[in-house]
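Below: one structure, written as structure tokens.
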Amino acid sequence: MINYLKSESYRLLRKKGPYLTSMISLLLIAAASALLYFFGQSDPNFPYATSKFFYSNVISGGVLIILVGSLYNLALTGQDMSLIKQSISFGISRSVIFWSKLLLTLSYFLLICVVGILFVIVLGENLLLSDDQSVRNLLIACVNMVPIVLSGFFLTHTLKMLKVGDIYLIFTLLFMYGFSGTLLRYLLRPIAGLDALYHYAPSTLLSDNLMDFVNDSVHFGSEYWITGTVISGIALLIGAKWFAKQNID
């Protein structure tokens, strides 16, 4: 497994896609803070030149972060999937292939996320009007987002390893993390005892996390980790099992 990890790591580090995605993401963060700073300096009454508003845009971008995460995963599960047959012929097990690709792309994605959050805090605290609670609330809200975002990353990995097309992948992610709560709310409303399950839908949790941040009432919520762990566990178990049986063309 170590040799395969080294090989995949070498391939990942030589790809331009992850670097380009990282650069664009950080530039967009910088541009957003610069615009708020510019308008705040131009108009003393501009109400949005605050770190709280800047941070709220990060918290509201859960679906976008998941989609960006899928781009990092695609670095080793996109065109590189054509090399799997060759790897298997050299004696690399499917289990090693599945988990190695996940570990490497996840590590890169988490590194960029940490860098991005630190970059956001540095810009928000130095360019915009801040208060004592903004950074604390941001970090709590980010902790709540972690299991939901990771579940989206794991779901992406499973779908790509099972050769699901990009269009279906995007549709699945948008449904799960953008609209699932609304759909469950309408479907389960007539069923007593199940009508509150929509509160545990990923899209509902992301929305609640944002509203709690905006209202300065954000707190660590176990429901985020329950939902994220369930989705992650199901996705990875199914993915590893089905990939082990999948025909490799």
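The values are calculated or read from the model by the stated rules, or taken from the named source; none is laboratory data. Given the structure is predicted, the values throughout are model-derived calculations rather than measurements. Note: ideal-geometry Cβ built from the backbone for every residue, glycine included; neighbour counts use all protein chains shown. The protein model used for the area step is the full one, side chains on, heavy atoms only, and it has no ligands, DNA or RNA in it. Shrake-Rupley method; radii C 1.70, N 1.55, O 1.52, S 1.80 Å.
Things to note:
- Among the listed pairs K16/K241; K163/K241; K15/K245, those beyond 23 Å (Cα-Cα): K16/K241; K15/K245
- Measuring with a 1.4 angstrom probe and ignoring ligands and nucleic acids, L127 comes out at about 70 Å² accessible.
- Projecting the Cα positions of S51, L36, I112 onto the charge dipole of segment 2-245 (unit charges on Cβ atoms of Lys, Arg, Asp and Glu, taken about the Cα centre) puts I112 furthest along the positive direction.
- Translational diffusion coefficient of segment 1-100 (Stokes-Einstein, Kirkwood radius from Cα pairs, 10 °C, 1.306 mPa s): 95 µm²/s.
- Kyte-Doolittle mean at least 0.5, axial Cα span of 24 Å or more - DSSP H helices of the chain: 17-42, 94-127, 134-161, 222-245
- For segment 2-245, the solvent-accessible area works out to 54 Å² per residue, with a probe of 1.4 Å and every protein chain left in place.
- Scaling the Cα radius of gyration of the chain by the globular reference 2.2 N^0.38 Å produces a ratio of 1.12.
- Shape of segment 119-249, Cα gyration tensor, a/c cut at 1.5: oblate
- Using a probe radius of 1.4 angstrom, the carbon and sulfur fraction of the accessible surface of segment 2-245 is 69%.
- Ordered from largest to smallest accessible area (heavy atoms of protein chains, 1.4 Å probe), the residues I65, I97 come out as I65, I97.
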